[in-house]
Amino acid sequence: MRSIPEMLRVETPGSVHTHSGPVRVLVSEPDLVSRRLICSLLKCESGMTVTCVDDSKLVSSIQESAPDLVIVDVHTAAIRRAPNWEAVGIKPAPVTIVTAYDPSAVSAFASTAVDFLVKPFDAERLEDALRAATSAIARVWIDLPAEEGSTDRRQERHGRHFLQRVAVEANEKIMLVKVDDIRWLQSSGNQIRLHVEKTSYLIRQTMTNLQVLLDPARFLRIHRNAIVNLDHVEEFHLPSNGNMFVKLNDGLCLPLRKSSRALLRKLLKRHFVA
């Protein structure tokens, strides 16, 4: 039987949502270079499993395996003229990233995707798309649909439905740590260290699985191995040349990868007054 720290609990009024296991990714990418990049990056993520199929098996593979995320070329025959997944018999629709050589290859189907990757793309651009996808997967896992409305209303719903507390073991005790109190999270393989004030706790979990349970309006993945709680961030250093970093309000500085710059600006514009 799995120990309590291995099961993350999302507490909501009158219910508890749980999820364990990896994010399942299905890739249908005809371009060999792009496919190798996608698969090699995903295989490095211990919280994800990846399956590659050719375009003729795309629909049947989705129906059989029900993946959480599909990465597919927008010109794939099965979806080329379809407005959405439901039109080709896929329901519920998986979170989707589409790829294409032509940046103007916008279709009705592409408009339903969380991101559009123009080939050739690099690892950093792909990681940006995967972060957007994991946020969308979180809404699916906790039955929180992306909806139009005021920012205050969305944040209120997020506050009730995203991860609220994490069970950790320490000194032969099990404690419930409030997510609000976590300053930053540091991953190492299949374990994550939660930094809380002047102490830290280790849980057996992958960064990918934990990230999809955190409110993306409050938690930012600044590096492959680090997520910060924006409530504890004092400032971001974004020089045009040189290393970028995040400074927490206790003085700690953490490196910020270059690919996070655009995502950071978009996040701040959406959720904060600037």
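Each reported figure results from applying straightforward, stated rules to the coordinates on display, with no laboratory input. For clarity, every value in this text was computed on a predicted model and none was experimentally measured. Cβ coordinates were reconstructed from backbone atoms using ideal geometry, including for glycine residues, and neighbour counts include every protein chain displayed.
HN-Hα J couplings of segment 213-225 from phi, Karplus 6.51/-1.76/1.60, θ = phi - 60°, integer Hz, Gly and Pro as x?
Computed from phi, the couplings for segment 213-225 are 9, 9, 5, x, 7, 10, 10, 10, 7, 8, 7, 3, 10 Hz.
Any chance you could run the full-extension gain for Arg125 through Lys178? It's 0.36 nm times the residue separation minus the Cα-Cα distance, nm to one decimal.
Fully extending the segment from Arg125 to Lys178 adds 15.8 nm.
With respect to the cross-link table entries Lys57/Lys91; Lys43/Lys198; Lys173/Lys198; Lys173/Lys247; Lys43/Lys119; Lys43/Lys173, which display a Cα-Cα separation exceeding 24 Å?
Correct reply: Lys43/Lys198; Lys173/Lys247; Lys43/Lys173.
For a paramagnetic label modelled at 7 Å from the Cα of Arg36 toward its Cβ, which residues of segment 95-123 fall within the zone defined by backbone nitrogen distances under 16 Å?
Label zone hits: 120-123.
Starting from the 7 Å offset along Cα-to-Cβ, what nm value, one decimal, do you get for the label separation of Phe116 and Glu197?
Going from the Phe116 label point to the Glu197 one covers 4.9 nm.
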